[in-house]
Structure formats: structure tokens, C-alpha cells
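The values are calculated or read from the model by the stated rules, or taken from the named source; none is laboratory data. Since we're looking at a predicted model, the values are computed, not measured. Please note: Cβ atoms are built from the backbone with ideal geometry, for glycine as well, and neighbour counts cover all protein chains shown.
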Amino acid sequence: MESDYFQKIYDNHFFDGEGRAVIAQLTEHLEYNIHNTSKKTIAWKSPEEELNFWRHYFESGRNKDFFEETLRRTTHIHNPKYVGHQVAAPAPITALTALVGALLNNGGAVFEMGMATNAMERIVTDVLCEKMGWEADARGILTSGGTLANLTALLSARRAKIDEDIWNDGLTKPLGVMVCEEAHYCIERAAKIMGLGEKGIVKIPASHNFAMDVTQLEAAYAQATKEGITIFAIVGSAPSTATGAYDNLEAIGAFANNYNLWFHVDGAHGGAAIFSRKYRHLLNGIENADSVVIDGHKMMLMPTITTALLYRNGNDSYATFSQTADYLLTEVDEEDWYNLGKRTFECTKTMMSMHWFVLLKFYGEELFDKFVTRQYDLAKDFELLLEQQQDFEIAVSPASNIICFRFVKPELNRGELNHLNGQIREQLLSQGEFYLVQTKLRGSLFLRTTLMSPFTEKQHLRHLLQTIRATAHSIN
């Protein structure tokens, strides 16, 4: 009978046995990565090699070692020698909230499908809005990543600042958004999705420290207006992705206020600094923003993918979308905060609010204060270490936990240095002990580290420089 078949699929004893085995494997994974510094961070394979392995695995009769193979063939973010992309080493308890959310599978578009988590979402977003320094009428939502959150914020901006009903009638005139040339590419992508086109993305040059050159704002706005483009929003980065530079939010906010523009802050990576008593000043002026994005899966120790989108005026979060699904959403007299489908792009989303709620409940705001402060301090320590080396140079003094540097030889020109540092990165990737990335800044290739693990120490960074130096000499 078919019911017998599904009884096997949902067998409690199987789940209990497999679950205990996986938890044991993950526990060992954490222990070995955090405390065994000789372990590789990545077992690098080419895309074709990896594809072939999993194709053969899929076609074989194997299944007992699936989780073991997955652990073996992925990047180990908890390893102290992981200094790569801006992805959190999740606090272990959030793996449990992810497990619970995956099994319960309650979406949050309407209250009856998200009773617990929709209430949790209201609580944690209220906490975040309060940290911004906003009044009690501020509101927030959680959504699936910074890219989607930034798009939603710009849709809110257009709805609030443009008189035409573009949501229903379409674009009738050229519109534009101002943003630093060093901002994350998702801002440009969002603007193009919205139909603004290339001309609708008014890029402000970066200054010497790769933050927005706010002295260029007036001229850029005047030029856009001359070209018939109606600017409705300006975006500040907190910080930019490539270098970790924070834009001057106070100056941008004043400019936005002067021209009645929507002021949005992309704080996907560094907005968590609102919790750091030492580094909160980097976000001075954020209290004047109309909307702010903060990723939980970057500097707030959560698994991917969860992002807070916060509004200084809570009413703006309700006006973004005007599509009606009568069988799901009803009009009510009181504030309808609990039916999140009215305010999010997703019609279904994961039970992501549990990650935020459990960390705040179990550990409090102190966790985020200590983590952000530690990682930003570590970047400063790394800067001092680099400055003591004659064969390394820094692109810019770090403002966050992102630092860009490169190995140098005085006899090499820029092209040769670019090639050498690219080769160094490839060698490190194949060796697998460290994982770091690279970026190009004004034509020069730099090695880029983001210090994401709370277990990375100066000794690991010192060893990284020794490894890079030895690799460079082996190449030449």
C-alpha cells in the first residue's frame, strides 16, 4: 500500500538515527576546524572534477556517506584560516533553528502559517529599529538576502517619492538613483530590474579611501537633472563590499534632505556595527535614513540567508506593493503587521526570524557588540602587521573587518604585480590551508581578506603572510 511506502519515508526511528549521526558529524566538524589549525580550509577541486564526482555518486548505489562527503567537499567557514567571503561562521544554535524551521516549514505570508515566527519577526525588527534611534512607528521585515532587501527598499523609495503610479501604469519618465561607484553591484542590478536603465544609475566617484566622494554630489545631481532624469533616491554603503569603506552617512543624509530624496543605507555587511559601542560612530547619520538593510548571515553569526529591511516610517513598508490576493490577505482597521505577504517580495519564506530571536534571547546584544568589535579590531591588528612587512602593501586603511593588500616587488610593474598576486591566490586555493579572495581596485589586483571567524587570531594572519611570501618566491 502507498501508505506503507510513506511510513518508511517519514519513519521516526530513521530520522532519529540519521539525525543523531549528522549532529555528531557536525560537532566533530566544529571541534576539528576550530581547534585543529593544521586542517585544510578548502579541499579545492576544479568545477569539472567536482561535477564528475557528484554525478558518479548520484548514479552509484552509495548513500550512507552523503553527509560525510558533503562536509569533506565544502569550504570550512569556521576554520580560523577562512578569511574569504563575507559569510558568517554561524553560531551552532542557529543550525538547530534552521533544522526546526526546515522540518516545520511554516511560511510567513499570512499569520496562520507563521504565528510564532511572525511574532518573533516583529520583536526582533522592533529591536533593530530602536538601535537605529528611530521612533516607535518605525517598522521592519525580514527577507531573503541583501539583494532582495535593497530592491524592495528602492521600490519603496520610488513609491514614496514619485507621484505617478508606476506599479500599475509603468514608467512615464526617466528616473534615477545616486550611489557610489564602489557600492555593491546589487544596487545597480536592482535599478535595472526596476527599468531605470544605465542612465538611471548615477554613480558618484569614490574618494582616495574608496568611500563616496560627497563633494561630487551637487554636480552629479545637477547633471542628471539637466539630462531630464528625476532622482528619487540616494544610497549610502555601510560599508562597500570590495574594501569595507563606510560612506559619510551624515553628509549623504543632509544632501537627501535638501533635495527631498529617499535616503537608503545598504548596511548588509556593516550595519551590525550599531551594536558595537566602539565602532557605532561609523554609522553616524544612519538615524536619518528612510530605510536600512542589515544581513544576519554576515556580521550577526546566522546561517544564510536572512536580512532585515528596516523603515524609519513604518507606513512606507506597507505601501510598496499593492497587489491583492483576496484568499490570503484581508483589509483590517488596525495595523496588519502579522500578514507579512503584504510587505515582502516573497509569498513564502523560511522561518528565519528564529535565528535572530534565539541569539538575542540566549546571548543578548552583547554577542553582536563583542563579535563586531573583535573582528574590526583584528583588522587593525592585521594592518599593523602588514605595515611592518617591506614586501606587502595595503590598498587602504581598513574601516571594518575587510582589508585588501598585496605582495610587492619594486622591480615589477603593475601588470606583472597583478599577475603575480593572481598566481599567489591560485596557489593558495590549490593548497587549501587558507581561503581568501581577490579584487581589482583602480586597475591593481589585491588579495582581499574578510575576517569572519571569531577564532582567527594574529598568529593565523602572521602565518598567512609567511605562506604568501613563500608562495611568491616559489613562483619566481
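Of all positions in segment 435-454, none carries a residue that is β-branched (Val, Ile, Thr) and farther than 28 Å from Met302 by Cα. For Leu428, the stated conditions do not hold, so it cannot be described as buried (at least 17 other Cβ atoms within 10 Å of the Cβ), within 22 Å of Ser240 (Cβ to Cβ), touching a residue at least 12 places away in the same chain (Cβ under 8 Å) and of a type outside the set (Asp, Glu). Checking each residue of segment 118-127 against the condition of being surrounded by fewer than 24 Cβ atoms within 10 Å (Cβ to Cβ), touching a Gly at 6+ places or on another chain (Cβ under 8 Å) and in a loop (DSSP other than H, G, I, E, B) gives no match.
Of all residues in segment 161-179, those satisfying the criterion of being part of a helix (DSSP H, G or I) and more than 17 Å from Ile229 (Cα to Cα) are Trp167, Asn168, Asp169. Among the residues examined, His419 qualifies as at pLDDT 95 or above, assigned to a helix (DSSP H, G or I) and surrounded by fewer than 15 Cβ atoms within 10 Å (Cβ to Cβ). I'd like to know if segment 200-214 contains one or more residues that are crowded, with 20+ Cβ neighbours inside 10 Å and closer than 19 Å to Lys342 by Cβ. Scanning segment 200-214, I find no residue that is crowded, with 20+ Cβ neighbours inside 10 Å and closer than 19 Å to Lys342 by Cβ, so the answer is no. Selection over segment 19-45 of residues that are over 30 Å from Gln459 (Cα atoms) and not in a helix (DSSP H, G or I) gives a count of 0.
With respect to being surrounded by 13 or more Cβ atoms within 10 Å (Cβ to Cβ) and on the phi > 0 side of the Ramachandran plot, Gly108 falls outside the description. Of the residues making up segment 97-117, those that are part of a helix (DSSP H, G or I) and among the hydrophobic types (A, V, I, L, M, F, W, C) are Ala98, Leu99, Val100, Ala102, Leu103, Leu104, Phe111, Met113, Met115, Ala116. Tell me yes or no: at least one residue of segment 119-128 is β-branched (Val, Ile, Thr), touching a residue at least 40 places away in the same chain (Cβ under 8 Å) and out of contact with any helix residue (DSSP H, G or I) (no Cβ under 7 Å at 6 or more places or on another chain). Checked against the condition, which is being β-branched (Val, Ile, Thr), touching a residue at least 40 places away in the same chain (Cβ under 8 Å) and out of contact with any helix residue (DSSP H, G or I) (no Cβ under 7 Å at 6 or more places or on another chain), segment 119-128 yields at least one hit. Scanning segment 434-476 for residues being buried (at least 17 other Cβ atoms within 10 Å of the Cβ) and assigned to a loop (DSSP other than H, G, I, E, B) gives a total of 7. Take the conditions surrounded by 19 or more Cβ atoms within 10 Å (Cβ to Cβ), of a type in the set (Val, Ile, Thr), out of contact with any strand residue (DSSP E or B) (no Cβ under 9 Å at 6 or more places or on another chain) and not assigned by TED's automatic domain parsing to the domain that holds His269 and apply them to Thr94. Does it pass? In short, yes.
Here Thr41, Thr75 are screened, and the one residue that is at negative phi and in contact with a His (Cβ under 8 Å, 6 or more places away or on another chain) is Thr41.
Every residue, every condition in (1) within 18 Å of Thr449 (Cα to Cα); (2) not aromatic (Phe, Trp, Tyr), yes or no:
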{"residue": "Asp16", "(1), (2)": "no, yes"}
{"residue": "Ala21", "(1), (2)": "no, yes"}
{"residue": "Tyr32", "(1), (2)": "no, no"}
{"residue": "Asn36", "(1), (2)": "no, yes"}
{"residue": "Glu50", "(1), (2)": "no, yes"}
{"residue": "Leu71", "(1), (2)": "no, yes"}
{"residue": "Thr74", "(1), (2)": "no, yes"}
{"residue": "Ile77", "(1), (2)": "yes, yes"}
{"residue": "Lys81", "(1), (2)": "yes, yes"}
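Taking segment 121-146 as the range and being more than 22 Å from Gly285 (Cα to Cα) and out of contact with any Phe, Trp or Tyr (no Cβ under 9 Å at 6 or more places or on another chain) as the test, only Gly145 passes. Looking at Arg139, is it touching a Leu at 6+ places or on another chain (Cβ under 8 Å) and under 13 Å from Ala308 (Cα atoms)? Yes. Grab the helices (runs of 4 or more DSSP H) fully contained in segment 307-403, keeping just those with 3 or more residues being over 21 Å from the mean Cα position of the chain (by Cα), at pLDDT 95 or above and closer than 30 Å to Pro454 by Cβ. Hits in segment 307-403: 353-363, 366-387. Would you check if Leu155 is in a helix (DSSP H, G or I), closer than 15 Å to Asp266 by Cβ and within 18 Å of the chain's Cα centre (by Cα)? Spelling it out, it is not the case that Leu155 is in a helix (DSSP H, G or I), closer than 15 Å to Asp266 by Cβ and within 18 Å of the chain's Cα centre (by Cα).
The single residue among Arg62, Arg122, Arg55 that is out of contact with any Pro (no Cβ under 6 Å at 6 or more places or on another chain) and closer than 28 Å to Asp16 by Cβ turns out to be Arg62.
Here is a yes/no grid of residues against (1) touching a residue at least 60 places away in the same chain (Cβ under 8 Å); (2) surrounded by fewer than 24 Cβ atoms within 10 Å (Cβ to Cβ); (3) under 22 Å from Ala89 (Cβ atoms):
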{"residue": "Ala238", "(1), (2), (3)": "no, no, yes"}
{"residue": "Ala242", "(1), (2), (3)": "yes, yes, yes"}
{"residue": "Phe255", "(1), (2), (3)": "no, yes, no"}
{"residue": "Leu261", "(1), (2), (3)": "yes, yes, no"}
{"residue": "Gly270", "(1), (2), (3)": "yes, no, yes"}
{"residue": "Ile274", "(1), (2), (3)": "yes, no, yes"}
{"residue": "Asn284", "(1), (2), (3)": "no, yes, no"}
{"residue": "Met299", "(1), (2), (3)": "yes, no, yes"}
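Of the strands (runs of 3 or more DSSP E) lying entirely inside segment 193-306, those containing at least 2 residues that are more than 21 Å from the chain's Cα centre (by Cα) span 201-204, 230-237.
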